[in-house]
Amino acid sequence: MMKKKILTQLFIHNEFVDSADKRTFDTINPATEEVIASVQRGNAADVELAVASAKNAFVSWRDVSGPARRDLMLKYADLMEENAQYLAEIESLDNGKPVSIARDVDIQLGIKCLRYFSGWADKISGKTIPTEDTSSMSFTIHEPVGVVGGIIPWNFP
């Protein structure tokens, strides 16, 4: 089974860091009730730091082309695929489902989701809108406008 270290820190400003107050919580294997890992407990200060970092990164990220974004998302999917067994073992320890289900369902659906949305990254475009005045035109353009935060469920799917 697993031989790699489980990363438990927050990922802020392109690096793994402890939470601002250094607090953690234990994640427990439901089958054995053993501690799998102590995970950093993020708080409001960590969110503020992450948002500030994301706003700074947005200055250059907004100009990354659609094909480059697509390629980054595909690389992420490839990394998940290369590490599917390892990810499935962590998932199995954390929630008690069989490794085969975690690997062949949960992880595979995550990979498919990344590949699907990566396909949109280079296809987002605006529209030209006809007008009555032939000496002018109207158009729309889709462009990044800022940082977005998301709250995700802990469970699957």
Quote to one decimal, in nm, the extra length available between S100 and T131 on full extension: 0.36 nm per residue of separation minus the C-alpha distance between them.
5.4 nm
Residues whose placed amide H lies under 5 Å from that of S19, excluding near-sequence neighbours:
L10, R41
Please work out how much accessible surface K123 shows to a 1.4 Å probe, ignoring ligands, DNA and RNA, in Å² rounded to 10.
120 Å²
Taking the chain as the reference, fit the longest principal axis to its C-alpha atoms, fit the long axis of helix 84-95 to the helix C-alpha atoms, and give the angle between the two in degrees, 0 to 90, nearest 10.
60 degrees
Taking a cut-off of 16 Å between Cα atoms, list the aspartates and glutamates near K22, but don't count ones fewer than 8 places away on the same chain.
D46, E48
Given backbone amide H placed at 1.01 Å from N, residues whose amide H is under 5 Å from that of A37, ignoring those fewer than 5 places away on the same chain, are T27
Along Cα→Cβ, 7 Å out, is where each label goes; now give me the distance between the ones at R23 and I141 in nm to one decimal.
4.5 nm
FRET efficiency for L74 and I152 from the Cβ-Cβ distance with R0 = 22 Å, rounded to 0.05, comes out at 0.55
Percent RCO, i.e. relative contact order, over the chain, from Cα pairs under 8 Å lying at least 6 residues apart
20 percent
With springs connecting C-alpha atoms under 10 Å apart, model the chain as a Gaussian network and identify which of A88, A77, A45 has the largest mean-square fluctuation.
A45
Can you give me the angle between helix 44-61 and the longest principal axis of the chain, using Cα atoms only, in degrees from 0 to 90, rounded to the nearest 10?
40 degrees
Taking the 0 to 90 degree range and rounding to the nearest ten, how far is the long axis of helix 108-121 tilted relative to the main principal axis of the chain, both from C-alpha atoms?
20 degrees
Pairs to check: K5/K112; K4/K75; K4/K97. Give those whose C-alpha atoms are more than 24 Å from each other in this structure.
K5/K112
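Taking only Cα atoms of region 38-149, what ratio of Rg to Rh do you get with Rh as the Kirkwood inverse-distance radius?
For region 38-149, the value is 1.14.
The values are calculated or read from the model by the stated rules, or taken from the named source; none is laboratory data. Note that this is a predicted model, so its numbers are computed, not measured. Positions of Cβ are backbone-derived with ideal geometry, glycine not excepted, and every protein chain shown enters the neighbour counts. Ligands, DNA and RNA are excluded from the accessible area calculation, which covers all protein heavy atoms including side chains. Shrake-Rupley method; radii C 1.70, N 1.55, O 1.52, S 1.80 Å.
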